[in-house]
Amino acid sequence: MCRLAVEGDPLFETNDIELQRPGLSFTIDTTRELKQRGWTNVSWLIGADTVPKLPTWHESVALLAEVQFIVMDRPGSPLDWSLIPQSLQVLRSQVVIIPLIEISASEIRSRVKDGRSVRYLTPDPVANYIANLGLYR
C-alpha cells in the first residue's frame, strides 16, 4: 500500500528492508542498515503522541544519536513538554507546524469495516487495493 500511495511521486521512495530482515525489526536496526547502504542522514517522521514512548524503544539513547526525528503534531493530543524527559527535550526543536488533518489508519480501517467511503483519506490506488482484497471487513 505504501508503494501504491507514492507511485509516480519523485519526492518519495518505499523500501521493504524491515520486511526482509528475519526476526524482530527495530528502528535502530533499520537506521544502521540504511547508513551501511550509504545514507548519510536518516530522518524519521513520528507523531507527537509517540515522543513520550521513545524511552521504551529498543536502544533509544543510541537511536536519538543516529536519527533525526521529525515530530508532527497530532490533533487532540497536545504534547506537554514539561512531562517529557530531559533526554528528549532536543526534539522540541524538531516539531513541524502544519495544518492538522485528523486522519488515522484506525479511522480508515473503521470506515472500511462499516462500509463507509475512505475517498480523500487515502490515495485512490490504496483505497482500490483495500476494496479489491476485502481488507478490514
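Read-outs throughout are calculated quantities, based only on the coordinates presented, and are distinct from any laboratory measurement. Keep in mind that this is a model prediction, so the values were computed, not measured. Here the Cβ is made from the backbone with ideal geometry for all residues, glycine too, and neighbour counts use every protein chain on show.
Some observations on this one:
- Axis of helix 124-133 versus longest Cα principal axis of the chain: the two differ by about 70°, to the nearest ten degrees.
- Virtual spin-label span in nm between Glu13 and Ser82, 7 Å along Cα→Cβ: 4.4
- Answer label, with percent of Cα pairs over 23 Å apart calculated from the coordinates and candidates (1) 56; (2) 33; (3) 49: (3)
- Residue of Asp114, Asp73, Asp49 that the Gaussian network model of the chain assigns the largest fluctuation, springs spanning Cα pairs under 10 Å: Asp114
- About the Cα centre, charge dipole magnitude for the stretch 2-101 (Lys/Arg +1, Asp/Glu -1 at Cβ), debye: 180
- Compared with the dominant Cα axis of the chain, that is its longest principal axis, helix 27-36 is turned about 80°.
- Report summary: the helix-based calculation at 222 nm, which adds -39500 (n - 2.57) for every DSSP H run with n ≥ 4 and divides by the residues of the chain, gives -8500 deg cm²/dmol.
- Averaged over residues, the count of other Cβ atoms within 10 Å places the peptides 58-71, 31-44 in the sequence 58-71, 31-44, highest first.
- Gain upon complete extension [Asn41, Tyr129; 0.36 nm per residue less C-alpha separation]: 28.4 nm
- Phi-derived couplings, Karplus 6.51 cos²θ - 1.76 cosθ + 1.60 at θ = phi - 60°, listed residue by residue for the stretch 113-122: 4, 7, x, 8, 5, 10, 4, 6, 9, 8 Hz, with x used for Gly and Pro.
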